[in-house]
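The values are calculated or read from the model by the stated rules, or taken from the named source; none is laboratory data. Fair warning: this is a prediction, and the values are worked out from it, not measured in the lab. Positions of Cβ are backbone-derived with ideal geometry, glycine not excepted, and every protein chain shown enters the neighbour counts. Areas reflect the complete protein model, heavy atoms only, side chains present, ligands, DNA and RNA absent. Shrake-Rupley method; radii C 1.70, N 1.55, O 1.52, S 1.80 Å.
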Amino acid sequence: MFRLSRYLQALNRGALVAPKPKPVMQGSGPVVIWNLVRRCNLACKHCYATSADIDFPGELDTEQVFEVMRDLKSFGVSVLILSGGEPLLRPDIFEISRLAKAMGFYVGLSSNGTLITDGNIAQIDSIGYDYVGVSLDGMRVTHDSFRRKRGAFDESLRGIRLCRDAGIKVGLRFTLTQDNAVELPDLLQLMLEEDLDKFYLSHLNYAGRGNRNRASDLHHQMTRNAMDLLFETCWGDVRDGVRREFVTGNNDADGAYLLQWAARRLPDQVESLRNQLLRWGGNASGVNIANIDNLGNVHPDTMWWDYSIGNVKQRPFSQIWQDTSDPLMAGLKAKRRPLEGRCARCRYRPVCGGNSRTRAWQLTGNPWAEDPGCYLSDTEIGVVGMPQRLAVTPYRRRLEAQKNLTPGQGGTA
């Protein structure tokens with residue numbers, strides 16, 4: 001996750017940002033994004049969980065969730081993002097949330113917003129969620145098309161307004177694709193008009209239904225245009241003293257691109273920004289970001305649902321997360337990841353950490369291949385003249401062999 005506002009606020013003050021360091025084998029735990037339930041009342045085109053409006057067998061019961069929470073707390077995890085599916089469809093969601101808050105976790109709720117109503121807003125408010133994120137995929141027609149439900153936009157906006165009016169920190173979550181990029185300015189304007197706290201822009205990652213829709217991923221120039229707009233919008237807020245938060249995710253090239261923006265706008269502060277981004281270090285999958293799915297499977301992040309490193313029903317999360325006998329986790333946790341292609345020789349490698357390994361995995365079968373979602377040119381990253389690499393499809397089989405697995409068991413779906 002790239003906290004754009006923090007860096008631009010620091011640049012405006014001439015101060016430094018001290019991001020949370022990547023944890024080592026012992027010490028502070030990762031941010032845990034927990035898909036407590038897979039059921040959802042919508043069927044969004046880009047859903048990484050491939051949810052549906054049915055009950056999925058084998059999900060953790062309430063006491064199992066509590067047991068995992070106790071282990072997470074003792075391991076040093078401080079942030080829980082409760083997601084789904086649609087988490088509000090889980091009957092014990094408020095019981096879980098209330099205990100999480102009592103245990104001292106920062107608790108976020110990731111919802112589609114349609115089930116936030118006059119009937120439950122008081123209960124949602126009573127939990128004391130630190131943040132509620134509601135996904136919008138564009139304005140009314142576009143959003144309803146993405147969500148495959150007429151009226152979904154109005155229902156989600158109603159939920160957003162109810163949270164805002166209750167004094168809950170609430171923000172928009174937007175997954176950028178070629179089909180909705182044109183509506184980014186409208187959503188930023190909506191954020192302003194509705195007086196919302198946060199805007200999270202997620203680049204399309206190749207997981208779940210998002211994998212099947214990857215042909216609609218943005219051309220690189222469209223991504224750059226979107227980031228230019230986000231940078232300028234955020235910078236305008238910073239200069240005007242407006243305290244709104246802008247965050248991006250699933251493309252750590254955003255940090256490198258911000259350096260280029262700063263070189264044009266604030267050239268005397270580029271070196272300071274570079275040092276701060278080096279401390280950030282880019283992609284944190286398998287290190288500072290973790291995912292637990294509805295069945296208890298643990299993944300390096302939410303986009304690795306086809307690769308499990310263990311299950312909390314069988315072994316505590318704290319043990320699973322520290323185990324580097326898994327070759328993927330060993331590589332993700334390595335001080336210098338075994339990257340290949342453009343990513344291996346990129347001048348921004350220390351800043352972005354090699355970007356999304358999921359996109360490389362989905363397209364080549366090799367998690368260490370260059371990230372096809374990087375929108376910086378060869379010239380910009382300093383690899384001019386490098387030959388085009390071919391997809392390394394046998395890699396997945398080699399990785400499975402290292403785990404003593406046969407295709408389709410445990411490590412891959």
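At-a-glance table
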{"quantity": "Count - residues of the range 153-181 that are farther than 21 Å from Val247 by Cβ and at pLDDT below 95", "calculated": "2"}
{"quantity": "Close pairs from the range 342-357: first among the aromatic types (Phe, Trp, Tyr), partner in a helix (DSSP H, G or I) and open to solvent by less than 20 Å² (accessible area, probe 1.4 Å), Cβ under 6 Å, at least 6 apart", "calculated": "Tyr348/Ala256; Tyr348/Ile381"}
{"quantity": "Residue that is most open to solvent (accessible area, probe 1.4 Å), among those in the range 127-159 that are assigned to a helix (DSSP H, G or I) and of a type in the set (Asp, Glu)", "calculated": "Asp154"}
{"quantity": "Which listed residue, of Tyr395, Tyr375, is buried (at least 18 other Cβ atoms within 10 Å of the Cβ) and modelled with pLDDT under 85", "calculated": "Tyr395"}
{"quantity": "Qualifying residue in the range 97-105 (condition: assigned to a strand (DSSP E or B) and either of a type in the set (Lys, Arg) or surrounded by fewer than 23 Cβ atoms within 10 Å (Cβ to Cβ) (or both))", "calculated": "no"}
{"quantity": "Qualifying residue in the range 234-244 (condition: at pLDDT 95 or above and aliphatic (A, V, I, L, M))", "calculated": "yes"}
{"quantity": "The one condition in (1) open to solvent by less than 10 Å² (accessible area, probe 1.4 Å); (2) closer than 29 Å to Leu196 by Cα that Asn288 fails to fulfil", "calculated": "(1)"}
{"quantity": "Test: Asp186 is part of a helix (DSSP H, G or I), more than 30 Å from Val65 (Cβ to Cβ) and either open to solvent by 20 Å² or more (accessible area, probe 1.4 Å) or free of Cβ contacts under 8 Å to residues at least 12 places away in the same chain (or both)", "calculated": "yes"}
{"quantity": "Test set (1) within 24 Å of the chain's Cα centre (by Cα); (2) at positive phi - Ala253 fails condition number", "calculated": "(2)"}
{"quantity": "Qualifying positions in the range 160-182 - surrounded by 20 or more Cβ atoms within 10 Å (Cβ to Cβ) and of a type outside the set (A, V, I, L, M)", "calculated": "Cys163, Gly171, Arg173, Phe174, Thr175, Thr177, Asn180"}
{"quantity": "Tally, over the range 294-305, of residues that are touching a residue at least 12 places away in the same chain (Cβ under 8 Å), open to solvent by less than 10 Å² (accessible area, probe 1.4 Å) and on the phi < 0 side of the Ramachandran plot", "calculated": "4"}
{"quantity": "Of all residues in the range 333-350 being outside any loop (DSSP other than H, G, I, E, B) and among the small types (Gly, Ala, Ser), the one that is least open to solvent (accessible area, probe 1.4 Å)", "calculated": "Gly341"}
